[in-house]
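What follows is a short report on a single structure.
Each value in this text was obtained by applying a stated rule to the coordinates, not by laboratory testing. Bear in mind that the values here come from a model prediction, so they are computed numbers and not experimental data. So basically every Cβ, Gly included, is an ideal-geometry build from the backbone, and we count neighbours across all protein chains shown.
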Amino acid sequence: MLSVTVITVVFNAKNLIEDTIKSVIAQSYNNIEYIIIDGGSIDGTISIIKKYENKVQCWLSEKDSGIYDAMNKGISLSKSDWVLFLNAGDCFTSSDSIRNCIGYIDSDSMIIYSDTMLYRTNKGKKFYRKLFCNHYRRQIIHQSCLYNKKLHAIYGQYIVNTKVTISDYLFFNLIDDKYWKKTDHIISSYLVDANISSGTPHFLQILAVDLIFSPIPSFRLFIRFLINICKYYIKKLLFNVFSNSIYIDKIERFKSDPALEWF
């Protein structure tokens, strides 16, 4: 039976970490190593981790140099060949999420991924929408990827810099297409409230990576670059104006079992 390590990176997230932990320990797959890397929380997160420490194979709490430093620590501590990151606030969509992934692994695949359920919170309520993922376009959500650690031996660790927010996006762009395999089972739901994958710097870093890896001739790519910037700021403006009415109304409210609420 293949061993899988699930790694949770957390910092001052006492209101989110417990749901994530419960989601991991509820997995039906039996050979899971669970590691939690805390960045030195002072808000009560540690007390929640200790509440479940008999279900956690390894956890530590210390200051780090950002999320990618914490992720690299988790990988170095992992004893499994396969790893998946599920950070505070993120949850598996099913108790069989890991088991379903294992069923897709073959001799050629090095990374198993799926579409993802994105969710936001508003006044205590959760609102979900489905994000279609595609490895050819590198439209990938890290929390919905189970991958072999050998990829880090090939492509290196995540870049650690507090100003760099796309180390995982860069890593995924490096991985050869032949190693990817998509599962029909949605692996996780991903909290998009106030995370590092938001804001103008993150968006511009993604565009920079696209400029490096895109096969499109430079002039056409530059035009697309300008179009994407315009689209980004227009979308951001519209969201700020209408987020409390149109945006919320267009997203189906999550009611019970997320497996029953896909749209």
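Listed values, structure above:
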read-out: Low-density loop positions, trypsin sites (Lys or Arg not before Pro), the range 152-194 - DSSP coil, at most 16 other Cβ in 10 Å; value: LYS163
read-out: Note, ³J(HN,Hα) from phi for the range 57-66, Karplus 6.51, -1.76, 1.60, rounded to Hz, x at Gly and Pro; value: 6, 7, 8, 8, 9, 7, 5, 9, 9, x
read-out: Loop GluC sites (Glu not before Pro), the range 16-116 (other Cβ atoms within 10 Å of the site Cβ: 16 or fewer; DSSP); value: GLU53, GLU62
read-out: For the range 121-128, 3J(HN,Hα) per residue [Karplus equation, 6.51 cos²θ - 1.76 cosθ + 1.60, θ = phi - 60°, Hz, x = Gly/Pro]; value: 10, 8, 6, x, 9, 10, 10, 10
read-out: Local net charge near ASN31, Cβ-Cβ under 13 Å (Lys/Arg +1, Asp/Glu -1); value: 0
read-out: Length released on extending from ASP176 to ILE227, taking residue separation times 0.36 nm less the Cα-Cα span; value: 15.6 nm
read-out: Extension reserve of the LYS126-HIS152 stretch, reckoned as 0.36 nm per residue once the Cα distance is removed; value: 5.9 nm
read-out: Normalised contact order of the range 4-194, rounded percent, pairs of Cα under 8 Å and 6 or more residues apart; value: 27
read-out: Charge sum, other residues only, whose C-beta stays under 12 Å from THR45's C-beta, Lys/Arg counted +1 and Asp/Glu -1; value: 0
read-out: Amide proton proximity set for SER188, modelled H, under 5 Å, gap of 5+; value: THR93, MET117
read-out: The range 4-194 shape via C-alpha gyration tensor axes, a/c threshold 1.5; value: rounded
read-out: Per-residue ³J(HN,Hα) for the range 86-97, Karplus 6.51 cos²θ - 1.76 cosθ + 1.60, θ = phi - 60°, Hz, x for Gly and Pro; value: 10, 8, 4, x, 8, 9, 5, 7, 8, 5, 9, 4
read-out: Local net charge near TRP82, Cβ-Cβ under 15 Å (Lys/Arg +1, Asp/Glu -1); value: +1
read-out: DSSP-defined antiparallel bridges as percent of all bridges, the range 4-194, nearest 5; value: 40
